[in-house]
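Below is one structure, written out as structure tokens; the observations come after it.
The values are calculated or read from the model by the stated rules, or taken from the named source; none is laboratory data. What you see is a predicted model; the values in this text were computed from it and never measured. Cβ sites come from the backbone with ideal geometry, for glycine too, and all protein chains shown count toward neighbours. We work out accessible area using only protein heavy atoms, side chains counted, and drop any ligands, DNA or RNA first. Shrake-Rupley method; radii C 1.70, N 1.55, O 1.52, S 1.80 Å.
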Amino acid sequence: MSFSSDEVNFLVYRYLQESGFQHSAYTFGIESHISQSNINGALVPPAALLSIIQKGLQYTEAEISIGEDGSERMIESLSLIDAVMPDVVASRQQQAHSVKNPVVKTETNNGNGEENSTSNFSANHTENMEVNGGVEIPSRRATILRGHESEVFICAWNPTKDLLASGSGDSTARIWNMSDNIGAGPNQLVLKHCIQKGGTEVPSNKDVTSLDWNSDGTFLATGSYDGYARIWTTDGRLASTLGQHKGPIFALKWNKKGNYILSAGVDKTTIIWDASTGQCTQQFAFHSAPALDVDWQTNTSFASCSTDQCIHVCKLGMDKPTKTFTGHTNEVNAIKWDPQGSLLASCSDDMTLKIWSMKQDTCVHDLQAHNKEIYTIKWSPTGPGTNNPNMNLILASASFDSTVRLWEVERGVCLFTLTKHTEPVYSVAFSPDGKYLASGSFDKCVHIWSTQSGSLIHSYKGTGGIFEVCWNSRGDKVGASASDGSVFVLDLRKS
């Protein structure tokens with residue numbers, strides 16, 4: 001067996017994507033000409049690079065532990081760094097050669113209340129200990145949805161029906177019917193993202209990066225690395241293909257009215273599309289680097305953010321931004337308007353969270369508490385003018401420092417730091433009543449917290465790193481999508 005450099009590049013590219021380094025993956029993909037390789041990404045299993053490295057380590061360990069006479073000797077397990085250092089490998093061989101009576105390691109208590117254990121046992125032990133007794137969601141309450149052939153980056157509930165949409169690296173989106181009256185189990189509609197090649201339609205072999213339902217739940221929009229946005233009906237029919245971006249689409253959103261779709265692309269532009277015709281209504285080219293996220297303020301105005309560290313507020317029909325916010329010192333990953341459309345929150349790789357107002361040029365609050373990149377933010381569906389007017393407006397931030405923070409924005413203070421996750425947190429979502437927050441992390445756990453007390457209410461451990469969590473409209477089910485290709489639904493109903 002041998003590797004070509006194209007294959008190694010593809011595995012590195014896929015590893016960067018699975019680890020959440022989307023922009024690094026994109027840059028690496030361009031420089032290594034991933035798009036010109038003939039590798040079908042849908043056939044490459046999740047965590048392939050790590051799996052191959054692990055097997056290589058095992059082979060190296062086996063090589064050291066086999067004596068000249070063919071007998072096997074125990075050795076301490078190698079780390080990856082050990083395995084590429086000839087001196088370390090040579091000393092292990094010497095140790096293995098000199099050990100005549102191998103001692104089998106045991107996993108026992110050492111008398112100080114600590115475990116004497118192998119690293120694998122330690123990791124599993126920690127995982128089991130992380131979930132408090134009484135909060136773990138039993139497996140009978142979890143429905144595992146299998147079908148995707150690669151990591152599932154995104155998921156979103158239909159706002160009116162129990163349909164869960166998911167988007168994956170296998171170049172498909174899927175719609176799962178989670179209604180209780182469907183008999184044997186959830187059925188899935190497969191939305192294949194195809195492109196025209198030589199007069200025929202072929203799978204794009206590109207990731208589905210974003211999806212969003214319109215407000216009445218009649219259409220699903222998807223964005224892809226193939227550069228196209230698409231509109232689908234709830235029965236899985238392709239209604240429209242939107243082609244104007246020159247490169248991958250990173251984000252897209254319907255406006256509340258449902259007549260426009262907004263998209264952000266690596267081509268540095270944002271586009272407003274007419275949803276009924278599929279035509280580009282206006283293209284905005286104000287960013288000097290890839291646009292990463294967009295969010296509507298009203299039905300005709302929106303904000304966009306970019307790796308250029310800037311945030312622009314634009315309006316349909318205007319040929320210049322109505323406002324530009326600068327202050328972040330690294331790429332801006334996500335932006336969100338509060339439910340009233342008066343405050344804009346932004347989060348960045350500069351580890352800060354900033355709150356902006358159209359009434360001033362500088363930020364209202366510069367919230368510095370996370371000690372690694374902040375990946376995403378969400379506002380609570382509460383406060384004046386919402387369905388939950390008596391609850392304070394709260395902002396949640398999810399960071400690669402493994403924590404989630406809840407902020408009271410009016411005072412600019414952190415209410416709670418939620419610390420049960422052990423790996424980067426990629427997604428947070430408020431329940432429709434604002435009383436609970438779901439968080440999903442690469443530690444494979446979905447945690448559900450009380451927003452009033454900051455306490456952990458429920459926990460569930462899946463089988464892959466969690467990219468996205470979302471609540472259904474009734475607030476009794478949480479959907480999650482994972483790096484191993486699984487999607488699952490947690491049923492939180494008490495009955």
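Points worth noting:
- Between amide H atoms placed 1.01 Å from N, distances below 5 Å from Tyr436 occur with Ser431, Thr451, all of them 5 or more places distant or on a separate chain.
- Evaluated over segment 331-424, the Cα radius of gyration and Dmax, each in Å: 12.9, 39
- Computed from the Cα positions only, the extents of segment 411-470 along the three principal axes stand at 37, 21, 16 Å, in decreasing order.
- Candidate lysines - alpha carbon under 27 Å from Lys354, same-chain residues fewer than 8 apart omitted: Lys253, Lys256, Lys268, Lys315, Lys320, Lys323, Lys336, Lys372, Lys378, Lys420, Lys435
- Within the accessible area of segment 208-252 (1.4 Å probe), percent carbon and sulfur: 46
- Residues listed by number, segment 1-27, amide nitrogen under 15 Å from Asn38 label point at 7 Å toward C-beta: 4-7
- Probe 1.4 Å, accessible area per residue of segment 404-495, Å²: 33
- Accessible area (Å², 1.4 Å probe, nearest 10) - Met351: 80
- Taking all protein chains as they are arranged and a probe of 1.4 Å, the heavy atoms of Ser357 leave approximately 10 Å² accessible to solvent.
- Averaging 1/r across all pairs of distinct Cα atoms in segment 149-278 and inverting the result yields a Kirkwood radius of 14.8 Å.
- The mean accessible area for residues of segment 245-307, using a 1.4 Å probe and ignoring ligands and nucleic acids, is 34 Å² per residue.
- Excluding same-chain neighbours fewer than eight residues apart, the lysines reachable from Lys206 by a Cα-Cα span under 16 Å are Lys192, Lys197, Lys246.
- Of Glu423, Glu18, the order by accessible heavy-atom surface (1.4 Å probe, DNA, RNA and ligands excluded), from most exposed downward, is Glu423, Glu18.
- A straight line joining the Cα centroids of segment 139-184 and segment 427-495 runs 14 Å.
- Length available on full extension from Leu50 to Asp319: 0.36 nm per residue minus the Cα-Cα distance, which gives 92.1 nm.
- Each residue was assigned an accessible area with a 1.4 Å probe, and for Val135 the value is about 20 Å².
- Net charge, Ser37 excluded, C-beta distance under 9 Å - Lys, Arg +1, Asp, Glu -1: -2
- Spacing of the two label points (7 Å from each Cα toward its C-beta) at Asn299 and Gln340, in nm: 2.2
- Candidate residues Leu406, Leu343: accessible-area rank, largest first, probe 1.4 Å: Leu343, Leu406
- Projected-area average for segment 198-351 over all orientations - Cα convex hull basis, square nanometres: 9.7
- The 1.4 Å probe gives accessible areas that order Ile394, Ile52, largest first, as Ile52, Ile394.
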